[in-house]
Each structure stands twice: as structure tokens, then as C-alpha cells.
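K.L.:
I have a structure here, written as C-alpha cells, and I will follow up with some questions on it.
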């Protein structure tokens with residue numbers, strides 16, 4: 001098993017670009033997930049249900065949740081397949097001047113209670 005969450009590539013050009021977020025959690029196959037994003041880092045994180053989410057909520061988090069499953073946050077809400085896999089996609093528009101800025105992604109899963117949070121992955125904007 002890979003890490004529960006991986007991103008490729010790990011950088012996004014400030015001229016715009018796309019990255020894949022690869023969810024891998026065979027122990028939670030066929031269960032819903034929500035991909036979260038933060039521009040404020042991973043510490044201290046927060047609790048959601050019984051899961052400790054390794055992201056700090058901020059305005060980017062709120063925007064991503066309200067825009068989930070629309071551009072630029074494709075498949076940010078879904079269900080893992082029968083193998084416990086899914087792919088989400090983040091597509092950044094042209095954002096001049098953000099080189100060096102970072103985003104962090106993680107996902108949560110649950111049934112009646114949110115009981116799983118993935119690792120956080122860091123993505124950096126580059127020139």
C-alpha cells in the first residue's frame with residue numbers, strides 16, 4: 001500500500017497547471033471521502049469526528065469545500081472504489097506572483113462518523 005494520499009506532480013506553475021491526488025485506502029473501500037485543502041499548513045490540525053485532520057482550516061479550505069467537484073476541485077467528494085482507490089484533480093488557474101506559496105491536501109472518510117484522515121501532502125507553486 002502506498003501512503004493514503006499522494007500528489008503528482010508536487011509543484012504547480014504559477015502560470016497555471018494541474019495535479020492528480022491519488023487516494024489509496026483498501027481498509028475503507030466503497031466508503032465516501034472528502035478532499036480538503038489548506039494554505040495555512042498542517043499544525044496543529046483539527047479534529048473531525050474521531051479523526052485528527054493534519055490541516056489548518058482557512059479561507060482556502062472553505063472555498064474548496066463550497067466548490068467541491070467543480071473546477072478547480074474535480075472529484076473532491078466521492079467514494080473509493082472496490083479496491084479502496086480514487087483520484088481527485090486540482091487545476092490551478094494562472095496566479096502570477098504566487099511562486100513559493102504552498103498548499104496542503106488531505107482527505108477524510110467516514111460512515112456515520114468521520115473516523116479516518118489521510119496524511120497531508122504539500123504542493124508548491126513555482127515560476
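K.L.:
What pairs come up if the first residue lies in the range 58-78 and is in contact (Cβ under 8 Å) with a residue 40 or more places away in the chain, the second is surrounded by 14 or more Cβ atoms within 10 Å (Cβ to Cβ) and in a loop (DSSP other than H, G, I, E, B), and their beta carbons are under 7 Å apart, counting only those six or more places apart or on different chains?
P.N.:
Partner pairs satisfying both residue conditions: 60/39; 76/68; 77/68.
K.L.:
Of everything in the range 89-105, what is within 20 Å of residue 42 (Cα to Cα) and under 12 Å from the mean Cα position of the chain (by Cα)? Give them in sequence order. Lay out the reasoning, then the answer.
P.N.:
If we filter the range 89-105 for residues that are within 20 Å of residue 42 (Cα to Cα), which is where we start, we get 90, 98-105.
90, 103, 104, 105 - these are the residues of the range 89-105 that are within 20 Å of residue 42 (Cα to Cα) and under 12 Å from the mean Cα position of the chain (by Cα).
K.L.:
Is there a residue in the range 20-40 that is modelled with pLDDT of 95 or more, surrounded by 14 or more Cβ atoms within 10 Å (Cβ to Cβ), more than 12 Å from the chain's Cα centre (by Cα) and over 21 Å from residue 111 (Cβ atoms)?
P.N.:
There is at least one residue in the range 20-40 that is modelled with pLDDT of 95 or more, surrounded by 14 or more Cβ atoms within 10 Å (Cβ to Cβ), more than 12 Å from the chain's Cα centre (by Cα) and over 21 Å from residue 111 (Cβ atoms).
K.L.:
Now, a different point. So, of the residues in the range 106-127 that are outside any strand (DSSP E or B) and within 12 Å of the chain's Cα centre (by Cα), which turns out to be surrounded by the most Cβ atoms within 10 Å (Cβ to Cβ)? Give the derivation first.
P.N.:
Residues of the range 106-127 outside any strand (DSSP E or B): 111-113, 118-120, 127.
If we keep only those that are within 12 Å of the chain's Cα centre (by Cα) too, we end up with 118-120.
Details: 118: 25, 119: 13, 120: 21.
Among them, the one singled out is 118.
The values are calculated or read from the model by the stated rules, or taken from the named source; none is laboratory data. From a predicted model like this one, the values you see are computed outputs, not experimental measurements. Methodologically, a virtual Cβ is constructed for each residue, glycine included, from the backbone with ideal geometry; neighbour enumeration extends over all protein chains shown.
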